[in-house]
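A quick write-up on the structure given underneath.
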Amino acid sequence: MVEYSIQNKKAWEYSAYEFWVEHSGAPAERARMDMEDPKGMLKKYADYFDTYSGIKIANICGSCGKKAVPLALLGAEVTIFDISEDNKKYALEVADAAKVALNFEVCDILEIDTERYGNYFDVLFMEGGVLHYFHDIDEFMGIMYALLKSGGKMICSDFHPFTKIEDILELEQPAMNYFSTEVFEGEMAQARFYEENIRKQMPRCSYRKYTISEIINSVINSGFILRKFDEHPAWTNERVPGEFTVVANKV
């Protein structure tokens, strides 16, 4: 595991289970909400899936299973790849309460076992801010390409690069030149929900933010066929972009 992944793992295992219980509900309560309306729990991402039943989905950096469990309820075979044992604990407890199977691999994404999972998945799905945790986007996209079956689809939704110069999502990360290739340390996503005295003690993550062209070119150069690039409004201001979604296929 590379050094910055070890750093990020410490951050994402800092009382993460307790955080999910407080902010997403006890596992049984979260499972109840997922079961009531699994497609609704996918929100805008539901529009990017052609089908659910019987397909194999890799949920990259799938965190606490907030999208993986609804996908499993809709009939998909879902494997979460994530760096946090705490995330695994919460996700599997929710899945158990929802009475669905969920595979969870705790690992560095760059070290996924491609002997086991190469050419295995019908869909790769990631959302909620993933790319900035990896310092070499081409290496990351190469792993994604290896995991997909021929004809498979990647759905990659992430923070819009506009946030490099305007922290519109209030994630409280350092502002920087849009074209900067700098690696920097910043708070992990949940830090702002903690009291200041705890917040100061929390481990920090190592980030690398990308431009639109770096993201699109990495998708193309890794061998994917780019099918769609959508931009979505920011959470706090609908007049500016806050997220994007890339849809690409492996031929």
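The values are calculated or read from the model by the stated rules, or taken from the named source; none is laboratory data. All of these numbers come straight from a predicted model, not from anything done at the bench. Cβ sites come from the backbone with ideal geometry, for glycine too, and all protein chains shown count toward neighbours.
Inside the range 1-50, can you point out the residues that are under 18 Å from Arg192 (Cβ atoms), polar (S, T, N, Q) and either modelled with pLDDT of 95 or more or out of contact with any strand residue (DSSP E or B) (no Cβ under 7 Å at 6 or more places or on another chain) (or both)?
Answer for the range 1-50, where residues must be under 18 Å from Arg192 (Cβ atoms), polar (S, T, N, Q) and either modelled with pLDDT of 95 or more or out of contact with any strand residue (DSSP E or B) (no Cβ under 7 Å at 6 or more places or on another chain) (or both): Ser15, Ser24.
Might you let me know whether the range 206-216 holds any residue that is of a type in the set (Ser, Thr, Tyr), touching a Gly at 6+ places or on another chain (Cβ under 6 Å), more than 23 Å from Asn177 (Cα to Cα) and surrounded by 16 or more Cβ atoms within 10 Å (Cβ to Cβ)? Give the derivation first.
So in the range 206-216, the residues of a type in the set (Ser, Thr, Tyr) come out as 206-207, 210-211, 213.
Imposing the further condition that a residue be touching a Gly at 6+ places or on another chain (Cβ under 6 Å) reduces the set to 207.
Then drop every residue that is not more than 23 Å from Asn177 (Cα to Cα), which leaves none.
No, because not a single residue in the range 206-216 is of a type in the set (Ser, Thr, Tyr), touching a Gly at 6+ places or on another chain (Cβ under 6 Å), more than 23 Å from Asn177 (Cα to Cα) and surrounded by 16 or more Cβ atoms within 10 Å (Cβ to Cβ).
Select the strands (runs of 3 or more DSSP E) contained entirely in the range 157-251, then report the ones holding at least 2 residues which are polar (S, T, N, Q) and modelled with pLDDT of 85 or more.
Here the list reads 241-249.
I need every pair where a residue in the range 236-247 that is more than 18 Å from Ala46 (Cα to Cα) has its Cβ under 8 Å from the Cβ of a residue that is surrounded by fewer than 13 Cβ atoms within 10 Å (Cβ to Cβ), sequence separation at least 6 or different chains.
Thr236/Glu170; Gly242/Trp235; Gly242/Thr236
All but one of (1) closer than 28 Å to Ser5 by Cβ; (2) surrounded by fewer than 20 Cβ atoms within 10 Å (Cβ to Cβ) hold for Cys61; state the number of the condition that does not hold.
Only one criterion is unmet by Cys61, namely (2).
Name the residues in the range 16-49 that are within 29 Å of Gln201 (Cβ to Cβ) and surrounded by 14 or more Cβ atoms within 10 Å (Cβ to Cβ), would you? It would help to see each step written out before you state the result.
Here is the first cut: in the range 16-49, the ones within 29 Å of Gln201 (Cβ to Cβ) are 16-27, 29-30.
Of everything in the range 16-49, those that are within 29 Å of Gln201 (Cβ to Cβ) and surrounded by 14 or more Cβ atoms within 10 Å (Cβ to Cβ) turn out to be Ala16, Tyr17, Phe19, Trp20, Val21, Ser24, Gly25, Ala26, Pro27, Arg30.
Can you name the condition, by its number, that Tyr52 falls short on among (1) touching a residue at least 60 places away in the same chain (Cβ under 8 Å); (2) surrounded by 15 or more Cβ atoms within 10 Å (Cβ to Cβ); (3) not hydrophobic (A, V, I, L, M, F, W, C)?
(1)
Among what's in the range 70-93 and is over 25 Å from Glu111 (Cβ atoms) and of a type in the set (A, V, I, L, M, F, W, C), pick the residue that is surrounded by the fewest Cβ atoms within 10 Å (Cβ to Cβ). So that I can check it myself, show each step before the final result.
Of the residues in the range 70-93, the ones over 25 Å from Glu111 (Cβ atoms) are 70, 73-75, 93.
Next cut, of a type in the set (A, V, I, L, M, F, W, C) only: 73-74.
Values: Leu73: 22, Leu74: 20.
Across the range 70-93, the extreme among qualifying residues is Leu74.
Output the residues belonging to the range 178-197 that are surrounded by 14 or more Cβ atoms within 10 Å (Cβ to Cβ), within 12 Å of Phe19 (Cβ to Cβ) and not small (Gly, Ala, Ser).
Within the range 178-197, Met188, Gln190, Tyr194 meet the criteria.
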